[in-house]
Amino acid sequence: MSIVHSYTLTPVHVHINLLGWTSLTLAGFIYYLFPAFSESKLAKLHVWLHNIGLPVMMIGLFFMIVLENQAFTPVVAAGATLTAIGVLIFVYHILKNLKSER
């Protein structure tokens, strides 16, 4: 984007970095450090929802920006909803199951 000085797709870039790279990297670290945690149904549900919702949201956002067509808003909303539910499931799973050992 910087080479051509076109920042039109900045929203797509930012969301891919934050939700695709940073969030899933942190989740991956937790799943790696706590293998039993990663084998639960909640962990699998989180990963599936996040990895289905994010591409749907990004593709919809890409087309909404490039084609300047608000008709893709429901696609973005559906993908964002799936991703958000996945993240909330991850947070719930952490708060419910990761406890300090004393």
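The values are calculated or read from the model by the stated rules, or taken from the named source; none is laboratory data. Please read all numbers here as calculations on a predicted model, not as lab measurements. Neighbour counts are summed over all protein chains in view; Cβ atoms, including those assigned to glycine, are modelled from backbone coordinates with ideal geometry. Heavy atoms of the whole protein, side chains included, go into the accessibility calculation; ligands, DNA and RNA do not. Shrake-Rupley method; radii C 1.70, N 1.55, O 1.52, S 1.80 Å.
Go through the range 1-52 residue by residue and tally those that are among the aliphatic types (A, V, I, L, M) and at pLDDT 85 or above.
Residues meeting the conditions: 12.
Which pairs turn up if I take residues in the range 50-78 that are in contact (Cβ under 8 Å) with a residue 24 or more places away in the chain and look for partners that are part of a loop (DSSP other than H, G, I, E, B) and open to solvent by less than 60 Å² (accessible area, probe 1.4 Å) with beta carbon separation below 8 Å, at least 6 apart in sequence or on another chain?
Phe62/Leu9; Ile65/Leu9; Val66/Leu9
Within the range 32-76, how many residues are under 23 Å from Thr8 (Cα atoms) and either open to solvent by less than 50 Å² (accessible area, probe 1.4 Å) or basic (Lys, Arg) (or both)?
Within the range 32-76, residues that are under 23 Å from Thr8 (Cα atoms) and either open to solvent by less than 50 Å² (accessible area, probe 1.4 Å) or basic (Lys, Arg) (or both) number 9.
Yes/no matrix, rows are residues, columns are (1) outside any helix (DSSP H, G or I); (2) of a type outside the set (Val, Ile, Thr); (3) within 15 Å of the chain's Cα centre (by Cα):
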site: Leu26; (1), (2), (3): no, yes, yes
site: Tyr32; (1), (2), (3): no, yes, no
site: Ala43; (1), (2), (3): no, yes, yes
site: His46; (1), (2), (3): no, yes, yes
site: Ile52; (1), (2), (3): no, no, yes
site: Met57; (1), (2), (3): no, yes, yes
site: Ile65; (1), (2), (3): no, no, no
site: Ala78; (1), (2), (3): no, yes, yes
site: Leu82; (1), (2), (3): no, yes, yes
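Within the range 15-41, which residues are in contact (Cβ under 8 Å) with a residue 40 or more places away in the chain, under 24 Å from Val76 (Cα atoms) and among the aliphatic types (A, V, I, L, M)?
Matches in the range 15-41: Ile16, Leu19, Ala27.
Filter the range 1-21 down to residues that are assigned to a helix (DSSP H, G or I) and either touching an Asp or Glu at 6+ places or on another chain (Cβ under 6 Å) or open to solvent by less than 60 Å² (accessible area, probe 1.4 Å) (or both), then give me how many there are.
Of the residues in the range 1-21, 5 are assigned to a helix (DSSP H, G or I) and either touching an Asp or Glu at 6+ places or on another chain (Cβ under 6 Å) or open to solvent by less than 60 Å² (accessible area, probe 1.4 Å) (or both).
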